[in-house]
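Novice: Please read through the structure below; I'll follow up with questions.
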Amino acid sequence: MKWKRSERLVDMTHYLLDHPHTLIPLTYFSDLYESAKSSISEDLGIIKETFEEKGIGILQTVPGAAGGVKFVPKLRDTAVQEVVDELLEELSHSDRLLPGGYLYLTDVLGNPRMMNRVGKVFASAFADQKIDAIMTVATKGIPIAQATARHLNVPVVIVRRDSKVTEGSTVSINYVSGSSRRIQTMVLSKRSMKSGQRVLIMDDFMKVGGTMNGMKNLLEEFDCTLAGVAVLVEAEHADECLVDDYLSLVKLTSVDEKERSIELQQGNYLTDGGR
């Protein structure tokens, strides 16, 4: 079957979007479409120009016999700002306020369209770094981690509060909760990670950073390296934050449980290293 250029462009675009951060040899497309490499290169040039013009991402060309092309999702700051603004509007309703100064986020975390956009935002921030895995704590951090992992093309490692028989042998640590200052436990299967991996830690909400700090300590048990910390919503830190370097999309600056009022502002993503 001889493919028309329009058909090749549509199919190649779909394949690239479905395989982010994957090096694809030109011979793969050449053999698939029964076309010369020169024609494939011209097609990729059109896709590359469109991706960059529309702010979809970057199409990297790797020269050499073992080279090819790689699609790297990367949003512009304007697109990131749109996501942040939508989150601020959605989370500003007073009925989201929960006891203890927390926000109700379950519906947002369960919104596939929103999570896909949030995942692209965080994947854009770490697009130029080597990320081998994403770590989060069950259960509310999972949707954010999965969405980001989809766009970075890496696995998700899920830390649990207690051991499950389905996890096999595990490693457990005790850590101090940042907000309650109580001793808590984290458990991770020994099969979850390999020594030397660079790991991005993510969660939905951070008050003082005790949970994040616990996951950082857990990485050390596996001889892995912290690649970054990202959170959807951070709270104003009345006490000293236990995490020094992190990215957030939204910051909860003030809550009044008696008056049922919430004050939010954009997080540090675009100001303190949103790349």
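The values are calculated or read from the model by the stated rules, or taken from the named source; none is laboratory data. Here the structure is a predicted model, which means the values were calculated and not measured. Cβ sites come from the backbone with ideal geometry, for glycine too, and all protein chains shown count toward neighbours.
Novice: What residue, of Asp85, Asp95, is closer than 30 Å to Lys258 by Cβ, acidic (Asp, Glu) and over 21 Å from the mean Cα position of the chain (by Cα)?
Specialist: Asp95
Novice: Output the residue which, of all residues in the stretch 181-224 that are closer than 27 Å to Gly267 by Cβ and basic (Lys, Arg), is modelled with the highest pLDDT.
Specialist: Taking the candidates together, the pick is Arg198.
Novice: Here is a follow-up. Is the stretch 126-139 home to any residue that is within 24 Å of Met215 (Cα to Cα) and touching a Ser or Thr at 6+ places or on another chain (Cβ under 7 Å)?
Specialist: Taking every residue of the stretch 126-139 in turn, at least one turns out to be within 24 Å of Met215 (Cα to Cα) and touching a Ser or Thr at 6+ places or on another chain (Cβ under 7 Å).
Novice: Of all the residues that make up the stretch 225-248, how many are in contact with a helix residue (DSSP H, G or I) (Cβ under 9 Å, 6 or more places away or on another chain) and either closer than 20 Å to Val154 by Cβ or at pLDDT 95 or above (or both)?
Specialist: Qualifying residue count, the stretch 225-248: 10.
Novice: Identify the single condition in (1) modelled with pLDDT of 85 or more; (2) over 26 Å from Ala147 (Cα atoms); (3) buried (at least 18 other Cβ atoms within 10 Å of the Cβ) that Leu264 does not satisfy, given that it satisfies every other one.
Specialist: It is condition (2) that Leu264 fails.
Novice: Only residues that are assigned to a loop (DSSP other than H, G, I, E, B), surrounded by fewer than 16 Cβ atoms within 10 Å (Cβ to Cβ), touching a residue at least 24 places away in the same chain (Cβ under 8 Å) and of a type outside the set (Ser, Thr, Tyr): list them for the stretch 154-180, please.
Specialist: Arg161, Asp162
Novice: When the stretch 249-261 is examined, which residues are found to be surrounded by 14 or more Cβ atoms within 10 Å (Cβ to Cβ) and either modelled with pLDDT of 85 or more or polar (S, T, N, Q) (or both)?
Specialist: Scanning the stretch 249-261 gives Leu249, Val250, Lys251, Leu252.
Novice: Further question: With the requirement that a residue be assigned to a helix (DSSP H, G or I) and under 20 Å from Pro73 (Cα atoms), what does the stretch 1-28 give you?
Specialist: Across the stretch 1-28, the qualifying residues are Leu9, Val10, Asp11, Met12, Thr13, His14, Tyr15, Leu16, Leu17, Asp18, Leu26.
Novice: Residue by residue through the stretch 132-158, note down the ones that are β-branched (Val, Ile, Thr) and farther than 25 Å from His21 by Cα.
Specialist: Within the stretch 132-158, just Thr139 meets the criteria.
Novice: Strands (runs of 3 or more DSSP E) wholly in the stretch 199-267 with at least 2 residues that are of a type in the set (Val, Ile, Thr) and within 17 Å of Thr136 (Cβ to Cβ) - which ones?
Specialist: Counting at least 2 such residues, we get 225-235.
Novice: Restricting to the stretch 200-224, count the residues that are β-branched (Val, Ile, Thr), out of contact with any helix residue (DSSP H, G or I) (no Cβ under 9 Å at 6 or more places or on another chain) and touching a residue at least 40 places away in the same chain (Cβ under 8 Å).
Specialist: The total comes to 1.
Novice: If you don't mind, another one. Name the residue that is nearest to Asp204 (Cα to Cα), counting only residues in the stretch 129-153 that are of a type in the set (Gly, Ala, Ser) and outside any helix (DSSP H, G or I).
Specialist: Gly141
Novice: Got a sec? Which helices (runs of 4 or more DSSP H) wholly within the stretch 38-128 have at least 1 residues that are crowded, with 17+ Cβ neighbours inside 10 Å and touching a Leu at 6+ places or on another chain (Cβ under 6 Å)?
Specialist: 77-91, 112-125
Novice: Exactly one of these conditions fails for Ser195: (1) of a type outside the set (Val, Ile, Thr); (2) surrounded by 17 or more Cβ atoms within 10 Å (Cβ to Cβ); (3) more than 24 Å from Pro73 (Cβ to Cβ). Give me its number.
Specialist: (2)
Novice: Sticking with this structure for a sec: Considering the stretch 136-153 alone, what residues qualify as being over 10 Å from the mean Cα position of the chain (by Cα) and crowded, with 21+ Cβ neighbours inside 10 Å?
Specialist: Listed by number, the residues that qualify are Thr136, Val137, Gly141.
Novice: Right, something else. Residues of the stretch 189-210 being more than 17 Å from the chain's Cα centre (by Cα) and either under 16 Å from Tyr102 (Cβ atoms) or among the polar types (S, T, N, Q) (or both), which ones?
Specialist: Ser189, Ser192, Ser195, Lys207, Val208, Gly209, Gly210
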